[in-house]
Every structure is written in structure tokens, then in C-alpha cells.
Amino acid sequence: MNPRMKELVRDLSIRNGASEAALREFALKTGIQFPDYYIEFMKESNGADGMIGKHSYLALFPIEDITQINEAAGTQEFAPGLILFADDGADRSYAFDTRRRSVAIVEVPGVGLSLSASIPIGSTFIEFLEYLYKR
């Protein structure tokens, strides 16, 4: 695992990694290429939860749950092009914005999900973790 990423996620509860088959199936199902460091992390831990820095709680969804979570949230109806992959356990969700050629990571409200409320917070998984760490 990338040394900086390892430092940023050191307080997360780590799970068993996702299989190559599950990651490949998810990429085929969504039709996008996910950020490299996200895939690297999911191979190490299929989802995780805990603190990033002193003030940010993060719950990364297991790869097998992402489709169901997005369907339940109505993501394609209310925010087409976003794929929710994590939240803060309260009022913020984190999504991949697939509307661009290079997939970005955005923050959206957990309630009132919409494209207009999305805030870009990183172009890589490490930038996303850095954002949470510094908040």
C-alpha cells in the first residue's frame, strides 16, 4: 500500500480485501475506471470505517454493497453520474463523479442528494483522504 495512504488510513478498522473478480465485476457493471489508489485500498480492505485525522469519520462501503446502496438512495434519479462509495456516518456522502473523463471524487449531502449540491474534493483517492484528514 502507498505509504501516505497507509498513514492516512491507520485508524480505520480494516476488513479482508475484495477479490480481483469482485473488483473486475464492479468495474464492468459501472463501466468506469476507478481511481487506482481506491482499487489498491479495496484489495487490502473491502470497506472500512473509523477516523481519518482527528475530526473526520469515514465509512467506506464494501464493493458488493455499493450497487444496492446507490439504488436505495436513488442516486441515478437524483444525481445521475454519481456513484456513492462512502459516507461520514451522519450527513455527508462521498461519490465518484463519472460524468467526466477522469473520475473525480465529490462530497454530497446524505439527505437531499443532487448534482447541484456536489462539491469536488479530490481527483485521486489519496487527495480525498487528505481532504478528510485536514478538515
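The values are calculated or read from the model by the stated rules, or taken from the named source; none is laboratory data. As the structure is a computational prediction, the values presented were derived from the model and not from experiment. Here the Cβ is made from the backbone with ideal geometry for all residues, glycine too, and neighbour counts use every protein chain on show. Only protein heavy atoms, including side chains, enter the accessible area calculation; ligands, DNA and RNA are left aside. Shrake-Rupley method; radii C 1.70, N 1.55, O 1.52, S 1.80 Å.
Determine whether A79 is open to solvent by less than 50 Å² (accessible area, probe 1.4 Å), in contact (Cβ under 8 Å) with a residue 12 or more places away in the chain and touching a strand residue (DSSP E or B) at 6+ places or on another chain (Cβ under 6 Å). No, not satisfied. Being open to solvent by 50 Å² or more (accessible area, probe 1.4 Å) and farther than 25 Å from R100 by Cβ is the filter here; which residues of the range 37-67 pass it? E44, M51, K54, H55, Y57, E64 - these are the residues of the range 37-67 that are open to solvent by 50 Å² or more (accessible area, probe 1.4 Å) and farther than 25 Å from R100 by Cβ. Residues considered: L60, L23. Of these, the only one that is under 22 Å from P80 (Cα atoms), modelled with pLDDT of 95 or more and not β-branched (V, I, T) is L60.
Looking only at residues of the range 82-100 that are among the hydroxyl-bearing types (S, T, Y) and touching a Gly at 6+ places or on another chain (Cβ under 6 Å), we find that the one that is surrounded by the most Cβ atoms within 10 Å (Cβ to Cβ) is S93. All conditions but one from (1) of a type in the set (V, I, T); (2) free of Cβ contacts under 8 Å to residues at least 60 places away in the same chain; (3) surrounded by fewer than 20 Cβ atoms within 10 Å (Cβ to Cβ) apply to T124; the one that does not is (2). Would you check if A104 is among the aliphatic types (A, V, I, L, M), at pLDDT 95 or above, crowded, with 16+ Cβ neighbours inside 10 Å and within 11 Å of the chain's Cα centre (by Cα)? In short, no.
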